[in-house]
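Encoded as structure tokens, the structure appears first; notes follow it.
Since every read-out is calculated from the coordinates, none of them should be taken as a lab result. Predicted model only: the values in this text are computed from it and were never measured. Please note: Cβ atoms are built from the backbone with ideal geometry, for glycine as well, and neighbour counts cover all protein chains shown.
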Amino acid sequence: MTEIPLPVFDPRPDIRLIAADMDGTLLDDRKEIHDHFWPLVDELFRRGVLFCPASGRQYHTLYREFGDVADEMVYIAENGAFVVKGREEVSADTLDDGVVARIVEAVRGLREAGADVGAVVCGKDSAYIERDDPAFMEQADHYYAHLEVVDDLLARPEDPILKVAVYDFGPAEEGAARGLAPFEGEVKVVVSGEHWVDVMNPDTNKGNGIRRIQEALGITPAQTMVFGDFLNDCEMMDAAEWSFAMDNAHPQLRERARYVAPPNSENGVVRTISSVLELPWT
């Protein structure tokens with residue numbers, strides 16, 4: 001693999017918001033945040049730059065991930081369906097209960113037909129699952145800090161639903177995504193990882209999440225830098241002048257981004273931010 005040079009811009013851009021996807025982007029291949037991130041984010045805050053995890057993950061999971069600095073972050077959770085600054089809601093895009101019910105029934109149908117899939121119904125307060133075998137539970141537990149097993153997803157507790165996530169133990173692009181394709185148009189069906197498909201309102205995406213932060217805080221696209229690696233990051237590339245695809249990114253995302261950053265396995269987000277803003281990273 002050709003080494004990706006770190007970018008340098010003259011003049012240095014006036015960045016006020018930096019958003020980064022988590023898996024395959026900010027996180028390394030062990031799904032951990034690099035140690036160099038923490039002093040970097042402290043310096044960003046000192047300079048008045050907001051950092052935003054932008055993920056398909058649950059807000060509660062993201063908040064837990066960032067520990068002592070969690071209240072200083074702004075979050076794009078559930079692929080843009082839930083935007084929160086610290087603990088204060090900025091925006092929420094919720095699904096109609098009737099649509100949720102039909103998606104759940106469709107996932108059940110896929111499983112009855114032999115697909116190894118399971119649905120996670122993602123609310124503001126908690127995520128809900130009815131499949132509770134250890135293999136599926138392990139995947140759900142990793143991404144959902146607030147998770148409740150229910151007997152029937154159609155009789156879950158009252159909670160505004162942000163999206164339905166579907167885990168496919170096979171390749172999601174070839175399996176669950178095709179199985180849910182008939183819903184396209186009524187909802188948005190997006191492959192958010194090798195094994196995950198997210199079903200949301202048609203206008204829900206990380207790019208619109210970025211725009212809502214920009215509008216709420218008076219930040220422009222020229223003051224925004226974003227990083228991503230997969231198809232659910234595509235719209236985010238359009239919301240920022242400084243858009244970076246990781247070197248390990250899906251080919252479609254690389255086409256959408258203006259620039260390329262070193263891969264997640266080489267701490268590409270931290271190193272690129274440090275280079276662009278002329279900050280030390282070691």
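In terms of its C-alpha gyration tensor, the range 13-58 has an oblate overall shape, because the principal axis ratio a/c (a ≥ b ≥ c, square roots of the eigenvalues) is not below 1.5 and a/b does not outweigh b/c.
Pairs of alpha carbons in the range 42-178 separated by more than 19 Å make up 53% of all such pairs.
Find, among the GluC sites (Glu not before Pro) in the range 229-282, those assigned to loop by DSSP (not H, G, I, E, B) with at most 16 other beta-carbon atoms within 10 angstrom. Display every interim value, and only then the final one.
On the way: sites: E235, E241, E255, E266, E278; in loops: E241, E278.
Sparse-neighbourhood loop GluC sites (Glu not before Pro): E241, E278.
Per-residue ellipticity at 222 nm computed for the chain from its helices equals -7500 deg cm²/dmol, with DSSP H segments shorter than 4 residues left out and the rest contributing -39,500 (n - 2.57). PRE reach from L217 (point 7 Å along Cα→Cβ): which of the range 15-55 fall under 11 Å by backbone N? Under 11 Å, as judged by backbone N against the label point of L217, lie 16-20, 45, 48-53 of the range 15-55.
Among S126, S55, S192, the order by Cβ neighbours within 10 angstrom, fewest to most, reads S126, S192, S55. Entry for the range 97-200 at q = 0.20, 0.24 Å⁻¹: log10 I(q)/I(0) = -1.00, -1.51, Debye formula applied to identical alpha-carbon scatterers, no solvent contribution. Annotation: the antiparallel percentage among DSSP beta bridges lying fully within the chain is about 55. Label positions at R178 and E148, each projected 7 Å from the Cα along the C-beta direction, are separated by 3.6 nm.
Which value, in debye to the nearest 20, gives the size of the charge dipole of the range 97-200 about its Cα centre, when Lys and Arg are +1 and Asp and Glu are -1 at the Cβ?
Charge dipole of the range 97-200: 300 debye, to the nearest 20.
For the chain, a crude dipole built from +1 on the beta carbon of Lys and Arg and -1 on the beta carbon of Asp and Glu, taken about the Cα centre, is about 760 debye to the nearest 20.
Shown here: the chain, whose C-alpha atoms stretch 57, 41, 34 Å along the first, second and third principal axes, sorted largest to smallest. The C-alpha atoms of the chain define a longest principal axis, and helix 97-112 lies at about 80 degrees to it. Between the helical axis of 37-46 and the longest alpha-carbon principal axis of the chain there is an angle of about 70 degrees.
What does the highest-first list of 138-150, 220-232 look like by mean Cβ count within 10 Å?
Top to bottom by mean Cβ count within 10 Å: 220-232, 138-150.
Each of F136, F9, F244 was scored by other Cβ atoms within 10 Å of its Cβ. Listed from fewest to most, they are F9, F136, F244. In the range 159-280, Cα pairs under 8 Å separated by at least six residues give a relative contact order of 16 percent. The residue among L26, A257, A81 whose Cα reaches farthest toward the positive pole of the charge dipole of the chain, with charges on the beta-carbon of Lys, Arg, Asp and Glu, is A257.
Taking other C-beta atoms within 10 angstrom as a stand-in for reagent exposure, V260, V41, V199 fall in the order V260, V41, V199, fewest first.
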